[in-house]
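**Q** Input: one structure, supplied below.
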Amino acid sequence: MTVQAHFTDGETDDTREIITPRYLVFLRYQCYYEYPLLTYLEYPILIAQDIILLLGVFHFNGNVFASAPYVALFVASWFVLTLQKWIIDLSMSLCLFISVASKFAQLQYLWKTGDSGAVSALTWSLASYTCVARIITTLMTTNDLTLLTRFVTMLALNLWVTATVLRYRKTVLKAK
């Protein structure tokens, strides 16, 4: 039995397993470079939220023990990511690649179906707003080029998805 769960960022439970490690890499990256806590405070909350959601999916599939490899991988990743500087830097770059790929997958779906009924323009607009806020915060605190590149790229893609969602939105005529 498969539980098909949809999350607020437009992802399903199949891709949630990729998103949680991205949050872990972001958190570890910012801890590694000793950035101010307020610049990454949301990541521990997002990680906890995703772990709870994954455990819920495993629970309702009737196989909570199948989550053990994921938990072991997350714990091991916390330590492995900072063994060498190049590992954490490479991981951040790979996260950007995965984020870009997920946005293009969303765009491809929208182009293929020509229907944005299941996609929220508000959610993607808020994701764009979040990127703008993170760009400003990064410029004011760390000026980290890796983070700026990621946030600017995500802003452009989030705006593109938002525009595509609005383009394919069906207008509903009110009955008199």
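The values are calculated or read from the model by the stated rules, or taken from the named source; none is laboratory data. Treat the numbers as computed from the prediction; the structure is a model and nothing was measured. Counting neighbours? That spans all protein chains shown, and the Cβs are built from the backbone with ideal geometry, glycine included. Note: areas computed on protein heavy atoms with side chains; ligands, DNA, RNA excluded. Shrake-Rupley method; radii C 1.70, N 1.55, O 1.52, S 1.80 Å.
**Q** Nearest 0.05, what FRET efficiency do F104 and L126 give at R0 = 30 Å with Cβ-Cβ as r?
**A** 0.90
**Q** Here's a follow-up. Over the chain, with every protein chain in place, what whole percent of the accessible area is carbon and sulfur at 1.4 Å, could you tell me?
**A** Exposed carbon and sulfur together represent 69 percent of the surface.
**Q** Here's another thing I want to ask about it. How would I88, I52 rank on accessible area, largest to smallest, probe 1.4 Å?
**A** Largest accessible area first, the list is I52, I88.
**Q** Comparing K103, K112, K85, which has the greatest mean-square fluctuation in the GNM of the chain with Cα pairs linked when under 10 Å apart?
**A** Ranking K103, K112, K85 by mean-square fluctuation puts K112 first.
**Q** Please give the per residue volume of the convex hull enclosing the alpha carbon atoms of region 53-117, rounded to a whole number of Å³.
**A** 113
**Q** Among the lysines, select those whose C-alpha is under 16 Å from the C-alpha of K170, and discard any that sit fewer than 8 residues away in the same chain.
**A** Straight-distance partners of K170: K112.
**Q** Please list E34, E42 from largest to smallest accessible area, probe radius 1.4 Å, with all protein chains kept in place.
**A** Correct descending sequence by accessible area is E34, E42.
**Q** State the dimensionless ratio Rg/Rh of the chain (Rg: radius of gyration of Cα atoms; Rh: Kirkwood radius).
**A** Rg divided by Rh gives 1.01.
**Q** Taking each full run of DSSP H in the chain as one helix, which ones are at least 20 Å long along their axis (Cα atoms) and have mean Kyte-Doolittle hydropathy of at least -0.5?
**A** Counting only whole DSSP H runs, the qualifying helices are 13-32, 42-60, 85-113, 121-141, 145-167.
**Q** Roughly how many nanometres apart are two label points built 7 Å out from the Cα toward the Cβ at V71 and K112?
**A** If labels sit at V71 and K112, their model points lie 3.5 nm apart.
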